[in-house]
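These notes concern the structure reproduced below.
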Amino acid sequence: MAEGTRQGKTATLKTEDITLNIESGNLVVIGPWGAELGTLKRVIRKSPTLGKKPPQGACVLFDGTAADHFTDGRLSEDGLLMQGCTSKQKFGNSKCHIEFRTPFMPKDRGQGRGNSGCYYQGRYEIQILDSFGLKGEDNECGGIYTLAAPRINMCYPPLVWQTYDIDLTAAVFEDGKKVKNAQ
């Protein structure tokens, strides 16, 4: 059992043997004789491509001001592009930069936690879902839905902006038959 208290900006959890002090993003572990055993510093991950400027000649589908390039495109009250829309322009081989954040829905589980995705060619969905701290399955953030799990679950916590940088090489068809898989 642990007993917790808060004094000013410091939260303290005490057990029989260990005391944990949390302040300014650091967790200090104090042993049974009052000696500091170690400090864990808060880590805030930030995508290195967040806010990336599009390269010259890029097709910018959404610049934060209007959803004109989408069928069923709509903006939230705070100006974000909402789920459920499809780009009017179709793409084959492409490079795509997406910035998104998942909502904070602590009482929901599984696919109920901000479920969305980025669809390619009406076939492949790159899943967007609050799966922070989970295993990293094909139906979780970064997975190619029902096809492939992400190599590593890099999902950030809810409400934190994160990015996808996706390079798609489209499948090749000849005479109506697929002769080369998409990558």
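Structure above, values below:
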item	result
Selected residue (only one of 176, 143 is of a type outside the set (D, E, K, R) and surrounded by 17 or more Cβ atoms within 10 Å (Cβ to Cβ))	143
Selection count, the range 101-139, where residues are without any contact (Cβ under 8 Å) to a residue 40 or more places away in the chain, aromatic (Phe, Trp, Tyr) and under 29 Å from residue 56 (Cβ atoms)	1
Count of residues meeting criterion [part of a strand (DSSP E or B) and open to solvent by less than 60 Å² (accessible area, probe 1.4 Å)] in the range 92-108	4
The listed residue being in contact (Cβ under 8 Å) with a residue 40 or more places away in the chain and of a type outside the set (Ser, Thr, Tyr), out of 50, 61, 40	50
Set 111, 127, 89: member being in a helix (DSSP H, G or I), out of contact with any helix residue (DSSP H, G or I) (no Cβ under 6 Å at 6 or more places or on another chain) and open to solvent by less than 100 Å² (accessible area, probe 1.4 Å)	111
Every residue from the range 16-30 that is out of contact with any Asp or Glu (no Cβ under 8 Å at 6 or more places or on another chain) and either under 24 Å from residue 44 (Cβ atoms) or open to solvent by 50 Å² or more (accessible area, probe 1.4 Å) (or both)	16, 17, 18, 20, 21, 22, 23, 24, 25, 26, 27
Evaluation of residue 69 against (1) farther than 21 Å from residue 118 by Cα; (2) open to solvent by less than 100 Å² (accessible area, probe 1.4 Å) (one fails), failing number	(1)
Residues (part of a loop (DSSP other than H, G, I, E, B), more than 17 Å from residue 45 (Cβ to Cβ) and open to solvent by 60 Å² or more (accessible area, probe 1.4 Å)) located in the range 150-173	169
Exclusive hit being closer than 30 Å to residue 161 by Cα and either at pLDDT 90 or above or β-branched (Val, Ile, Thr) (or both), set 39, 15, 5, 19	39
Cβ pairs under 7 Å, 6+ apart, first in the range 71-100 and without any contact (Cβ under 8 Å) to a residue 40 or more places away in the chain, second assigned to a loop (DSSP other than H, G, I, E, B) and of a type in the set (Asp, Glu)	84/72; 85/72; 86/72
From the options 123, 74, 101, 109, residue that is under 14 Å from the mean Cα position of the chain (by Cα) and among the basic types (Lys, Arg)	101
Selected residue [open to solvent by 30 Å² or more (accessible area, probe 1.4 Å), assigned to a loop (DSSP other than H, G, I, E, B), touching a Phe, Trp or Tyr at 6+ places or on another chain (Cβ under 7 Å) and aromatic (Phe, Trp, Tyr)] from 132, 62	132
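The values are calculated or read from the model by the stated rules, or taken from the named source; none is laboratory data. In this text the structure is predicted, and so the values were computed from the model without any measurement. When we count neighbours, we look across all protein chains shown, and the Cβ atoms used for this are built from the backbone with ideal geometry, even at glycine. Please note that ligands, DNA and RNA were not included when accessible areas were found on the heavy atoms of the full protein model with its side chains. Shrake-Rupley method; radii C 1.70, N 1.55, O 1.52, S 1.80 Å.
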